[in-house]
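Visitor: If you scroll down you'll find the structure; I have some questions about it.
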Amino acid sequence: MPDYQVLLKDLPSVDRLLQEPLVKEKLHYIPRRIVLEAARETLEDYRVRIMQDSDLVHDKLSSTRIDLSTSALSEEVALLAENKAGFSLKALINATGVVIHTNLGRVPLAGSAVRALSSVSGSYSNLEFSLDSGERGSRQAHLEKLLCDLSGAEAAVVLNNNAAAVFLALNTIAFNREVVVSRGQLVEIGGSFRIPEIITAGGARLVEVGTTNKTHLSDYDAAVNDNTAAFLKVHTSNYHMIGFTSEVGTGELSTLASKYEIPLIEDLGSGVFLDTSKYNLPPEPRVTDSIKAGADLVTFSGDKMLGGPQAGIIVGREDLISQIRKNQLARVLRVDKLTVAAMEATLRLYLDETVALKEIPVWNMLTVPKVTLRKRASQLEGGLVPLFGRDNIKVVEGVSKVGGGALPSAELPTYLVVVKPSSAHPSVSDLTRKMRQGEPPVILRLRHDSLVFDPRTVGDNQLEALTGAVKKALE
Ligand SMILES: *Cc1c(COP(=O)(O)O)cnc(C)c1O
């Protein structure tokens, strides 16, 4: 019998591992099925490693590099069980400087939104109950007035996300009919959402007009026929065309739409209520601007520049919104009470611009003064010097990105803490992996052979935890 078969036979049983003190202790607070699973997976992992060890296969038992003692196995079981017992979805530190990070949950919520979530979710609420009349109410009622006040629109409805908002608006208004869109606006947003596909999925027929770089009002005009149900204008939020380009403004397009008595739907992508140009950011059309310019329906995300929970918002004409609400699919795409709670709290912050800038994390991070970034960078540098040595760390000027397909041309000046581990340290890839798997996980930027921390997305109150996490990754 080859040596590896002996080793396989000598591996402890699952039961034996569960008797080990280190593993047994975990059973006090980790469900048995999780510990059991950890023991089985560890054993399987060892079996595979034994079979793959070429020295073992070639009968050189003495040279095995694997510690096969029961205590070594039980240590791994305990670690894996601990790992499996933790939540899969967890809070982490975003040191990438990308403010709207779709893979990292887009944006953190404001404190008041977090409190609203907690209060409403742990209790019954008046989600669909009117406290005035004592009769059935609407979940939309909690948000509609705020949205109308902030946007200047007549009516509003909140759905699961902006993809749902665009879909439902088209499905309601243009089912089996034509939607006219400029070729320059047939964009793809984040992999699976593409304007042509969403139009088709909504049951409408896409009529493309103009060219990639130029579309004129006359192109829209020529496309109108008895079957035209709407014009759709899409804010190409995630890319920027420069050079010989032109598109038709909301105002002009709205005038043409009115002439033919068809609605103009505008997909704004990011919902912005504040004037970005006031804060050294590139201009971004506000929801109010589109409504003022005559868009009949405007759709936007709740969790991009708005800084709220995942949601899609439609504001606009009362008669159209009312049709959208009556669509059977509105029920399919409706928001739950957690979204309503967090959204109401977020929207209320916009009633006072100063409060919004301070309290809504996305705006706070976008407008954080350079001196604050400098201070955070120095503080972080100070915490990392004892770990990596003075010579391996520097603070340099750099840029942060808005992310989430918003303001693609914005380059936000920041200070970066750049760490170049020496040969005495683990490799950059080892360190980033350990930081990802740490508690809390830390996600950062990589540049060649350096770790790059952007303090823009790291709160003052997270700096210590960040240093601690790096320290742990080095152990
Ligand atoms: C992001 C975006 C969407 C999709 O929004 P979700 O809220 O992620 O569904 C649709 N249209 C535009 C223009 C966008 O930028």
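Visitor: What lysines sit close enough to Lys326 to cross-link, taking a C-alpha to C-alpha distance under 30 Å and skipping anything fewer than 8 places away on the same chain?
Guide: Of all the lysines, those that pass the test against Lys326 - Cα under 30 Å, at least 8 places apart if same chain - are Lys145, Lys233, Lys259, Lys292, Lys304, Lys337.
Visitor: Shifting gears a bit: For a test of the definition: using alpha carbon positions, the gyration tensor, and the 1.5 limit on a/c, classify region 148-238 as rounded, prolate or oblate.
Guide: rounded
Visitor: Quick check on the exposure proxy: order Val272, Val207, Val428 from fewest to most C-beta atoms within 10 angstrom.
Guide: Fewest to most other Cβ atoms nearby, the residues stand as Val428, Val207, Val272.
Visitor: Once the Cα gyration tensor of region 339-463 is found, what semi-axes does its equivalent ellipsoid get, as square roots of 5 times the eigenvalues, in whole Å, sorted largest first?
Guide: 31, 16, 14
Visitor: Here's something else I'd like to know. Provide Met241, Met305 in ascending order of the number of other Cβ atoms located within 10 Å of each residue's Cβ, fewest first.
Guide: Listing Met241, Met305 from fewest to most nearby Cβ atoms yields Met241, Met305.
Visitor: Apply the Debye scattering formula to region 369-424, with a single equal point scatterer on each alpha-carbon and no solvent, then give log10 I(q)/I(0) at q = 0.16, 0.19 Å⁻¹.
Guide: Debye output, listed in q order: -0.57, -0.71.
Visitor: For the Cα atoms of the chain, what angle does the longest principal axis make with the long axis of helix 370-388, in degrees from 0 to 90, nearest 10?
Guide: Computed tilt is about 10 degrees.
Visitor: Here's a follow-up. In terms of the Cα gyration tensor, with a ≥ b ≥ c the square roots of its eigenvalues, is region 1-158 rounded because a/c is under 1.5, prolate because a/b exceeds b/c, or oblate?
Guide: The shape class here is prolate.
Visitor: Compute the normalised compactness of region 121-280: alpha-carbon radius of gyration over 2.2 N^0.38 Å, N being the residue count.
Guide: Taking N as the residue count of region 121-280, the ratio is 1.21.
Visitor: Magnitude of the Cβ-charge dipole of the chain, K/R +1 and D/E -1, about the Cα centre, nearest 20 debye?
Guide: 660 debye
Visitor: Around Met241, what is the net charge, scoring Lys/Arg as +1 and Asp/Glu as -1 over all other residues with Cβ under 13 Å from its Cβ?
Guide: Combined, the nearby Lys, Arg, Asp and Glu give +1.
Visitor: Local charge sum around Ser450 (other residues, Cβ-Cβ under 12 Å, Lys/Arg +1, Asp/Glu -1)?
Guide: The answer is +3.
Visitor: Hey, which lysines would be in cross-link range of Lys26, C-alpha to C-alpha under 18 Å, not counting anything within fewer than 8 residues on its own chain?
Guide: Counting by Cα, and skipping residues close in sequence, Lys26 has these lysines nearby: Lys84.
Visitor: For the ranges 79-90, 95-106, 37-48, what's the packing order if you count other beta-carbon atoms within 10 Å of each residue, average per peptide, and put the highest first?
Guide: Going from most to least packed, we get 95-106, 37-48, 79-90.
Visitor: Could you sort 398-408, 444-454 so that the peptide with the highest average Cβ count within 10 Å comes first and the rest follow in order?
Guide: 398-408, 444-454
Visitor: Which shape class applies to region 263-309: rounded if a/c is under 1.5, otherwise prolate when a/b exceeds b/c and oblate if not, where a ≥ b ≥ c are the square roots of the Cα gyration tensor eigenvalues?
Guide: Verdict is oblate for region 263-309.
Visitor: Compute the long axis of helix 70-85 from its Cα atoms, compare it with the longest principal axis of the Cα atoms of the chain, and write down the angle in degrees, 0 to 90, nearest 10.
Guide: Roughly 10 degrees between the two axes.
Visitor: Roughly what % of Cα-Cα distances in the chain sit above 35 Å, to the whole percent?
Guide: 49 percent
Visitor: Under a Cβ-Cβ cut-off of 14 Å, what is the net charge of the residues other than Phe175 that fall near it, where Lys and Arg count +1 and Asp and Glu count -1?
Guide: +2
Visitor: Near Lys471, which lysines are there with a Cα under 18 Å away, not counting those fewer than 8 places off in the same chain?
Guide: Lys394, Lys420, Lys434
Visitor: Still on this structure, I have one more. Bin width 10 Å, origin at 0, all Cα-Cα pairs of region 311-407: what percent of pairs per bin?
Guide: In order of increasing distance, the bins hold 11, 25, 25, 19, 11, 7, 2 percent.
Visitor: How would Asp430, Asp289 line up from fewest to most surrounding beta-carbon atoms within 10 angstrom?
Guide: Fewest-to-most ranking of Asp430, Asp289: Asp430, Asp289.
Visitor: Specify the angular offset, from 0 to 90 degrees and rounded to the nearest 10, of the alpha carbon long axis of helix 162-174 from the longest principal axis of the alpha carbons in the chain.
Guide: Around 30 degrees separate the two axes.
Read-outs throughout are calculated quantities, based only on the coordinates presented, and are distinct from any laboratory measurement. Predicted model, so just to flag it, every value in this text is computed and none were measured. Heads up, the Cβs are rebuilt from the backbone with ideal geometry, glycines too, and the neighbour counts pull from every protein chain shown.
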